[in-house]
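Structure first, commentary second.
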Amino acid sequence: MTDKKQNVWDMTLERLNSMMDLLNLTPGIRKYLRQPRKILEVAVTVKMDSGDIDIFTGYRIQHNTNRGPGKGGIRYHPGVTCDEIKALALLMTLKCTVVGIPFGGAKGGIAVDPKKLSARELENMTRRYTFEIINNIGPDKDIPAPDVNTNPQVMAWIMDTYSINKGHAVLGVVTGKPLELGGSLGREYATSLGCVYTILSTLKVKGIDTPDLSVVVQGYGNAGYHCARILYDMGFRIIAVSDSQGAILNKKGLDPYKVLDHKNKTRTVKGYSGAQDILPEDLLTLPCDILIPAALENQIVKGNAPDIKAKIIAEAANAPTTPKAEKILLGNGVFIIPDMLCNAGGVTVSYFEWVQGNLSYFWSEREVKLKLRDIMDKAFYEVYKVAQDRKVDMRTAAGLLAVERVARAIKLRGIYP
Ligand code: NAD
């Protein structure tokens, strides 16, 4: 079996186990961290436009809630499985802990291809899914957010369905909402801005002080587009980007705003006039300084890792690199900014949104950005220090920091009864 096909939950456990091996944890705590607290699987029954009904399988999983309510996105994708959601929920536990925000880890999703649904079917499905999981979510329990193929409109439907059932508007039930419904300024691009902050810190510790660096971005959705746009505005050269339909290259540099206009018109980056189309499988191995996987998990695998030429990989996506690929990359001297640190800007501004929504007191965009930078920089240097002190890679360092903090929280709270 290639590692591309390796079960993402098995891979996540493999990583967690090796982090726990380096810490002096009891067998009981190790078992506790391997096991999600709550797994909910629901049949989401939807009235389709045809007049018939269809049923989609949905999940909401809370991996750990010792440090605060569960937090994590909702994904609509045909590849969604219980194991995938479990893995992403565990990753959320670590991510929230690495950046020190008071949330546990959760994740949700529906196994569906949303592109095959009409707008009305998508809304019906979202509302029914919300109703099915309504007792498991809430501002003090578990707070969903957007992920692959979900957006502020989907969050608005979730907030509305939840609020109608509770009898009053509940702003804190989801984050990533539209601004008109208590969304936070800066949330839309927070994942990418946080990712860019970690790239800037990496350049600093490596003593690189020029922005004239070439960047390749896989995925041109929320995370990928905003990474490309923010780096372009800072003077970096975005030479190639891709989406699920294809990939484009211009060694002199692309204008991400124009690429987005093209994608909005044609639904893909492919065919953009200012670049040449290339094979999507060639994108990751292009010569470049910084590679940003911003699509799905298991993209950088044993098969393509030896050919990767980037010196820095910034994981905007969750779990884009398999453990086997990582070993090869680290052996080749590649600096990997791991997902649980690199893309934590999204959940950090989600935390800001939750705080603002619960208090109904909203901050300026400047305040959001300053607070985000503080948290991302602090987290980066804490992880970097562990990496230097313990002579481990950045993912292991981030994991050690997070696992130790969660284990401490479990011990402090104790086991009921
Ligand atoms: P999105 O749905 O907005 O975009 C996903 C993009 O990936 C789309 O452009 C899609 O066409 C592309 N894609 C899908 N399969 C591909 C493939 N095989 N090759 C190339 N491109 C492909 O989703 P998003 O919110 O940008 O999420 C992307 C990644 O970032 C996911 O791993 C997600 O978990 C992670 N992430 C997102 C956030 C957030 O706030 N949105 C936060 C943290 C992590």
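The values are calculated or read from the model by the stated rules, or taken from the named source; none is laboratory data. Fair warning: this is a prediction, and the values are worked out from it, not measured in the lab. All Cβ positions, glycine included, derive from the backbone under ideal geometry; neighbour counts span all protein chains shown. SASA here: full protein model, heavy atoms, side chains in, ligands and nucleic acids out. Shrake-Rupley method; radii C 1.70, N 1.55, O 1.52, S 1.80 Å.
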Note to self: Modelling each spin label as a point 7 Å along the Cα-to-Cβ direction, I'd like the Asp10/Leu370 distance in nm, to one decimal.
What the structure shows: 5.0 nm
Notebook entry, point to check: Under a no-solvent Debye model with one identical scatterer per Cα of the stretch 1-103, what's log10 I(q)/I(0) at q = 0.15, 0.17, 0.18 Å⁻¹?
Noted result: -0.72, -0.87, -0.95
Notebook entry, point to check: Using a 1.4 Å probe, what is the accessible area per residue for the chain, in Å²?
Noted result: 43 Å²
Margin query: If amide hydrogens are placed 1.01 Å from N in the peptide plane, which non-local residues have theirs closer than 5 Å to the one on Ile278?
Written below: Ala247, Ile248, Leu249
Notebook entry, point to check: With charges set only on the Cβ (+1 for Lys and Arg, -1 for Asp and Glu), what does the dipole of the stretch 318-417 come to about its Cα centre, in debye to the nearest 20?
Noted result: 340 debye
Notebook entry, point to check: Based on DSSP H assignment, which helices of the chain show an axial Cα extent of at least 18 Å together with a mean Kyte-Doolittle hydropathy greater than or equal to 0.5?
Noted result: 82-98, 190-205
Next item on the list: Whenever you get a sec, compute what percent of the accessible area on the stretch 312-417 sits on carbon and sulfur atoms (1.4 Å probe).
Entry: 54 percent
Next item on the list: Compute the Kirkwood hydrodynamic radius of the chain, taking the inverse of the mean of 1/r over all pairs of distinct Cα atoms, and give it in Å to one decimal.
Entry: 21.6 Å
Notebook entry, point to check: Most fluctuating residue of Trp157, Trp354, Trp363 in a GNM of the chain with Cα springs under 10 Å: which is it?
Noted result: Trp363
Next item on the list: Treat each spin label as a single point 7 Å out from the Cα along the C-beta direction, and report the Leu412 to Asp233 distance in nm.
Entry: 3.7 nm
Next item on the list: Count the DSSP beta bridges whose two residues both fall in the chain, then state the antiparallel fraction as a percent rounded to the nearest 5.
Entry: 50 percent
Notebook entry, point to check: So for the chain, taking the charge dipole from beta-carbon charges (+1 Lys/Arg, -1 Asp/Glu), which of Leu117, Ile85, Ile290 sits furthest toward the positive end?
Noted result: Ile85
Next item on the list: Using Cα pairs closer than 8 Å and at least 6 residues apart in sequence, work out the relative contact order for the stretch 76-181, in percent.
Entry: 24 percent
Next item on the list: Please arrange Val217, Val205 by accessible surface area, largest first, computed with a 1.4 Å probe and ligands excluded.
Entry: Val205, Val217
Next item on the list: With a 1.4 Å probe and every protein chain left in place, tell me how much accessible area Asp393 has, in Å² to the nearest 10.
Entry: 40 Å²
Margin query: What lysines does Lys302 reach when the alpha-carbon gap must be under 20 Å and sequence neighbours fewer than 8 apart in one chain are set aside?
Written below: Lys4, Lys5, Lys311, Lys324, Lys327
Notebook entry, point to check: How do Leu370, Leu254, Leu40, Leu330 stack up against each other in accessible area, from largest to smallest, with a 1.4 angstrom probe?
Noted result: Leu370, Leu330, Leu40, Leu254
Margin query: Defining a contact as two alpha carbons under 8 Å apart and six or more residues distant in sequence, what relative contact order in percent does the stretch 237-367 show?
Written below: 16 percent
Checklist line | the chain - charge dipole about Cα centre, Lys and Arg +1 at Cβ, Asp and Glu -1, debye rounded to 20 | finding: 880 debye
Next item on the list: For the stretch 294-299, take each phi angle, set θ = phi - 60°, evaluate the Karplus expression 6.51 cos²θ - 1.76 cosθ + 1.60, and give the result in whole Hz per residue in order, putting x for glycine and proline.
Entry: 9, 10, 10, 6, 6, 9
Item checked: Most fluctuating residue given options Met340, Met48, Met394, as computed from a GNM of the chain linking Cα atoms under 10 Å -> Met48
Next item on the list: Just read off the accessible area of Leu22 with the full protein assembly in place, 1.4 Å probe, to the nearest 10 Å².
Entry: 80 Å²
Next item on the list: Give me the distance between the Cα centres of the stretch 91-153 and the stretch 168-218, rounded to whole Å.
Entry: 19 Å
Next item on the list: Treating cross-link reach as a plain straight distance, find the aspartates and glutamates whose alpha-carbon is under 13 Å from the alpha-carbon of Lys206, omitting any fewer than eight places away in the same chain.
Entry: Asp289
Notebook entry, point to check: Cα gyration tensor of the stretch 243-375, axes a ≥ b ≥ c as square roots of the eigenvalues: rounded (a/c below 1.5), prolate (a/b > b/c) or oblate?
Noted result: oblate
